[in-house]
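A quick write-up on the structure given underneath.
The values are calculated or read from the model by the stated rules, or taken from the named source; none is laboratory data. Just so it is clear, the structure is predicted and the values come from calculations on it, not from any experiment. Ideal geometry is used to build each Cβ from the backbone, glycine not excepted, and the neighbour counts take in all protein chains shown.
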Amino acid sequence: MTITIDTNCEVTLAPVGIASTTNTYVPDIWSSNLAETHPRLQRCPSAARGAVTYTSSLSATVTKAVQEHIYGSGYRLSQTLTWTETGVLQVAESATCTLEYAVHTVSGTTTGISASAVLATCGGSLSDGTECLTSGVANCPAGQIPVTLGAGPHRVCKLCRAGTYSNLGDATCSDCIQGKYSGGVGAASAASCTNCGSGEYAAGGNAVCVPCEVGTYQADLGQGSCDPCPKNTFARWPGMKSCLRCVAGVAYCAAGVDDADANCVDPGGTPSGGYHVVQITTPGDLRTCTLPSSITKPDLFTRCSSMTSTPTGTYLSVYVNEWCGVAISPITDTSCSQVSAAYYSGTRISAHYVSPKRIATRLVTTGDTSAYMLSLQYSTTTTADLKYWAVTSEESKASTVSGSTVLCDGVATLTGGDLVDMTPITACPAGTYTDATFGCLACPAGKYCSDGTAAVDCPATKYQQYLGQTSSSACVACSGTDWTSDAGSETCDVPYYDEACSDGHEYNPATQACEQCAAGTKRDKTGGDIACVVCDPGTYSAAGAAICTACPKGQYSPAYGLAEQDGSGVQKCLYCPRGSIAVVTSGDGTLATSGAKACDPCPAGQYAKSYAGSPAYYDCTACTGDTFRSGDATPENNVCVSIPAGYKADSGRTTATLCPKGQFSSYSTGSRVPAGSPATCAPCGTGNQYAPRMGMSACRPCPGGSYPTKLGSSPLGPDPTNGNDQCTACSTVSAISYRPFTDTTGTCLSCKAGKEVYATGTGNTACQPCIAGYYMPDKDSGSDSAKDAKFASCQPCPEKQYQPSAGQTACLSCPAGTTTQDSGNVECTECPLGYYSPKSASDCLPAPRGTYVNTTGATIYYSCPRGTFSNEAGADSCEPCSPGEYSNTEGAKTCKSCAPGTYSKSKATLCTKCQAGYTSPAGSGVCNPCKAGTYAASAGLSACTPCPRGNQCPTMAMSSSQACRRGYYSSKSGSRLCTPCPSNTLQANTGQTTCQACPQGSTTRGLTGQSICQQMRPQALRRLTL
């Protein structure tokens, strides 16, 4: 904190490190029964409250600023401030909690506060290593962080505030995470942060957990927020760990956890209200208790005087609405249950269901206020504790209220309904009456409830002002001569009249005379009438009547006070409209002999008929013959009418309904068919007739291809008794059934062999011959055309068969050399080129490899001649052998290759040897001449031979080599030409591989290719001298 002293010696205290969003809180509610009071918090101040005026000394002023920092002057805390040593201030919060503050920054003069109000020092006022650090590298203990003293270098170890922690060596304090809190300063690790409980949460950095707001709940531990209640469930108290659903005024745990921390099970159901009743059986000090700080206790306990006995005569009506709100009202006790009195609204207590076992009030959530808090909580299966105590959010009353232990309590016993989990009582007690929807309702004023089932009116001339009265003795006679009451009255508010006037007259205070009762009223003085009384329904009167007369037969009076209609005629009351009769009670349907109060229309099947009498009247008469009348009779609907064609009447002739399917009704020459039976229709059951719809006036014929049946008949077929209501396809009888359009019997026929059914849009209407290419066997798979067909449709002739004619029962086999590609053929197709069919009803087969078929419709195949081949099946010709190949047998699938040294032309039956000087590799179509330098000495060689050394092969296609002539040589094989001997060498023989040097003294005279050398000529020696 920062303490600032201005020039007027006013002191301002400002917190350090506390923001408006910091989650540090202090209580915002004080109670004489804190354990049962709902929580309420306010944030710690994040700024200075304002300057505190100088008192006796600066030290005292600083103390006052500290004491008023949280709540202000209205609730000054009791801290004491002591400067224990230089630079150290101790603030004692309580006998067990003292905080020590070190002065780490000083600006200006502080000696007016204390001589010790100076900068703290390490090693002096603060111990080094724990409270203070003189080393630049030392760490503060866990739970503390370093703050530099003055300009340094020493540092003081500051405790982390509540809601935060630090580890050894941390430079800053860390917030406890969401869902956790730390209530003390100096938390040494994250493990010091504790999980929030159910019904509360922590957003992070919390010194205390915050209770869930009204309308939200939290069932789990360690949560960072609360959840909104599900639809139609409610949390009406702060800090709820469950949401409640109230059905018929009974609270159920619907979401979250219950008081035993077991998961709630939502019973479902639409929320609705209900009434319950408890009796205060043990008043305790509920009436005599006094709350501290002049807080007013509930007016209910002050006013209800019968609460002094045990058990008391005070009952409480407890209404629980569909939102789980509760209204508690006193009944039975006449000192506090007059609902019309001004005080009564003050005795009603508004509360809330907190759990299925507890009801309680709550303090308003905004502003400063003081009030009582009341709870009704389960105690045993039949009783609940009823208690109240003082609560306040006003700082000025905080000390008084929190210092009080006043708790006013008594016992309430359940007498009707289902409340705070006590054993339900279905029967309502006296003083209440049973309502099927809302339960036990308080007996209202003007009535009494003696047995808990119904409310009974107090009789006329008496009144009753209180809720919950149990006997007729509660009804008090009206006093005086000016006012009386009607039955069921809360007060006497009916004017009183003199009874001295004669029958048919009453006293008029305005004229101070007896005046004739008006028509429609009467006064029977002897019978106890004190004034003219209106005639009851069913009666009438003329002016001045002593009694009311019952309406005559056929006339009625529906309301009070009917005047005589015709004094001299027969109409005394009202006539019913045409079609209705006069009855005593609406709905009884019986003509009244007199005193009718209503008109009932004649019911369906009857009409109002006039009967002679004095006077004449109408009565209901039944319809006859082939007639009916539906609905209540009216002037426009008072005649029985003929049953329409296609309809029948019910047994009472009250309505006409459509003839059912399969039946009809009509009129012939004015008479109904069927005759003499208005409640039935005639069946469509013979021949080819049916009625497919309700309400038909004639039968219909079934179309061709179908026959009449009755839906649902078993087996399916015609129903002469109940009538046919559908046409069923003949195909359902069998696949070969049909019926022509011209048939009138309604019977399906069967197609014979060689024919098939012909279907149109209405079904199988004919039998027609099979078309060419198709056949129909008889039912036994034979060919008897007199027997029934086997299939519904003609069958296509299978492959390799055909049928050129219509109406046949079988197909023919294709002859050899022909076949079919598919079914349903009228003729067979010849086998194509390359194919043959060796027998009837067989496939066309491809000619095998090495054969061919060169005509259509073939029954055999032919082998390929020599010199040709066929390497594929289905050939229509054979291929000639290629040059270099030959075929020397018939039916060859491939040609053979000529051997090396031979050759052949196209379509060869054998290979020819190559002549000398020529060669060939295998499979050659020609022989190749030997190249110059090679030769082939004989026929049929596969390769040429290189010329040997000493020989030459100068041209192509040589059959032998040539020996080198004299003067020439060949030193390697494969030479095209021999090489001439070089100059001064010779070769005297043919076919040589080398040359010899000329003998000494001989030469070739510079020539090459010589076979001899010539002797050299001698030369004279010449010398030259210089």
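Out of curiosity, is Ala151 in the same structural domain as Val66 (by TED's automatic domain parsing) and over 22 Å from Thr12 (Cα atoms)? Here the answer is yes, as Ala151 does meet what is asked. Kindly establish whether Ala187 is aliphatic (A, V, I, L, M), outside the structural domain of Ser107 (by TED's automatic domain parsing) and in contact with a Cys (Cβ under 9 Å, 6 or more places away or on another chain). The answer is no for Ala187. Checking every residue in region 250-263 against the condition of being surrounded by 17 or more Cβ atoms within 10 Å (Cβ to Cβ), without any contact (Cβ under 8 Å) to a residue 40 or more places away in the chain and within 30 Å of the chain's Cα centre (by Cα) gives at least one match. Residue selection: Ala191 fails the criterion of being modelled with pLDDT of 95 or more and either within 23 Å of Glu36 (Cα to Cα) or in a strand (DSSP E or B) (or both). Considering region 380-394, and only residues there that are closer than 15 Å to Asn33 by Cβ and among the charged types (D, E, K, R), the residue that is surrounded by the fewest Cβ atoms within 10 Å (Cβ to Cβ) turns out to be Asp385. When Ala559, Ala596 are checked against the criterion of being in contact (Cβ under 8 Å) with a residue 24 or more places away in the chain and aliphatic (A, V, I, L, M), Ala596 stands alone in meeting it. Residues in region 504-519: is at least one under 28 Å from Gln565 (Cβ atoms) and of a type in the set (Ser, Thr, Tyr)? The answer is no, given that none of the residues of region 504-519 is under 28 Å from Gln565 (Cβ atoms) and of a type in the set (Ser, Thr, Tyr). Just one of the numbered conditions (1) in contact with a helix residue (DSSP H, G or I) (Cβ under 8 Å, 6 or more places away or on another chain); (2) not in a loop (DSSP other than H, G, I, E, B) is not true of Tyr252: (1). If Thr680 satisfies every condition in (1) crowded, with 23+ Cβ neighbours inside 10 Å; (2) part of a loop (DSSP other than H, G, I, E, B) but one, which is the exception? So Thr680 meets the others, but not (1). Considering region 312-343, the residues that are surrounded by fewer than 24 Cβ atoms within 10 Å (Cβ to Cβ) and of a type in the set (Ser, Thr, Tyr) include one that is nearest to Gly446 (Cα to Cα), namely Ser340. Count of region 212-223 residues, restricted to those that are surrounded by fewer than 22 Cβ atoms within 10 Å (Cβ to Cβ) and more than 29 Å from the chain's Cα centre (by Cα), is 4. Among the residues of region 631-641, some residue qualifies, meaning at least one is surrounded by 15 or more Cβ atoms within 10 Å (Cβ to Cβ), among the hydrophobic types (A, V, I, L, M, F, W, C) and touching a residue at least 40 places away in the same chain (Cβ under 8 Å). Within region 434-447, being surrounded by 15 or more Cβ atoms within 10 Å (Cβ to Cβ) and either more than 20 Å from Asp493 (Cβ to Cβ) or within 53 Å of the chain's Cα centre (by Cα) (or both) holds for Thr434, Phe438, Gly439, Cys440, Leu441, Ala442, Cys443, Pro444, Ala445, Lys447. Residue check: Gly346 meets all listed conditions (1) surrounded by fewer than 22 Cβ atoms within 10 Å (Cβ to Cβ); (2) without any contact (Cβ under 8 Å) to a residue 40 or more places away in the chain; (3) not basic (Lys, Arg) but one, namely (2). When the test is whether a residue is at pLDDT below 95 and either part of a loop (DSSP other than H, G, I, E, B) or surrounded by fewer than 21 Cβ atoms within 10 Å (Cβ to Cβ) (or both), Pro153 passes it. Residues that are outside the structural domain of Ser402 (by TED's automatic domain parsing) and under 30 Å from Tyr217 (Cβ atoms) number at least 2 in the following strands (runs of 3 or more DSSP E) confined to region 23-135: 25-27, 41-43.
Every condition in (1) under 28 Å from Thr400 (Cβ atoms); (2) in contact with a helix residue (DSSP H, G or I) (Cβ under 9 Å, 6 or more places away or on another chain) is met by Ser114 except one, and the failing one is (1). When region 266-305 is limited to residues that are under 53 Å from the mean Cα position of the chain (by Cα), charged (D, E, K, R) and in the same structural domain as Gly403 (by TED's automatic domain parsing), the one that is surrounded by the most Cβ atoms within 10 Å (Cβ to Cβ) turns out to be Lys297. Would region 768-787 turn up any residue that is at pLDDT below 95, within 57 Å of the chain's Cα centre (by Cα) and surrounded by 15 or more Cβ atoms within 10 Å (Cβ to Cβ)? So far as region 768-787 goes, no, none of its residues is at pLDDT below 95, within 57 Å of the chain's Cα centre (by Cα) and surrounded by 15 or more Cβ atoms within 10 Å (Cβ to Cβ).
Per this entry, Cys573 is not counted among residues that are surrounded by 14 or more Cβ atoms within 10 Å (Cβ to Cβ), over 30 Å from Ala545 (Cα atoms) and either touching a residue at least 60 places away in the same chain (Cβ under 8 Å) or in contact with a strand residue (DSSP E or B) (Cβ under 8 Å, 6 or more places away or on another chain) (or both). Criterion applied to Pro267, Pro271 was being at pLDDT 95 or above, in contact with a strand residue (DSSP E or B) (Cβ under 7 Å, 6 or more places away or on another chain) and part of a loop (DSSP other than H, G, I, E, B), and the one residue passing it is Pro271. Considering only residues that are polar (S, T, N, Q) and surrounded by fewer than 17 Cβ atoms within 10 Å (Cβ to Cβ), look in region 704-721 and name the one that is nearest to Gln663 (Cα to Cα). Per the criteria, the residue is Thr721.
Name the residue, out of Val66, Val88, Val52, Val62, that is surrounded by 14 or more Cβ atoms within 10 Å (Cβ to Cβ) and free of Cβ contacts under 8 Å to residues at least 40 places away in the same chain. Answer to the check: Val88.
Going through (1) hydrophobic (A, V, I, L, M, F, W, C); (2) in contact with a Lys or Arg (Cβ under 9 Å, 6 or more places away or on another chain); (3) surrounded by fewer than 22 Cβ atoms within 10 Å (Cβ to Cβ); (4) within 25 Å of Lys907 (Cβ to Cβ) one by one, Leu833 falls short only on (2). The condition (being aromatic (Phe, Trp, Tyr) and within 24 Å of Gly452 (Cα to Cα)) is satisfied by just one residue among Tyr343, Tyr319, Tyr252: Tyr319. Does Ser942 satisfy being surrounded by fewer than 17 Cβ atoms within 10 Å (Cβ to Cβ), within 30 Å of Pro865 (Cα to Cα) and in contact with a Ser or Thr (Cβ under 6 Å, 6 or more places away or on another chain)? When the stated conditions are applied, Ser942 passes them. Within the bounds of region 296-303, is there any residue that is outside any loop (DSSP other than H, G, I, E, B) and under 19 Å from Thr413 (Cα atoms)? So far as region 296-303 goes, yes, one or more of its residues are outside any loop (DSSP other than H, G, I, E, B) and under 19 Å from Thr413 (Cα atoms).
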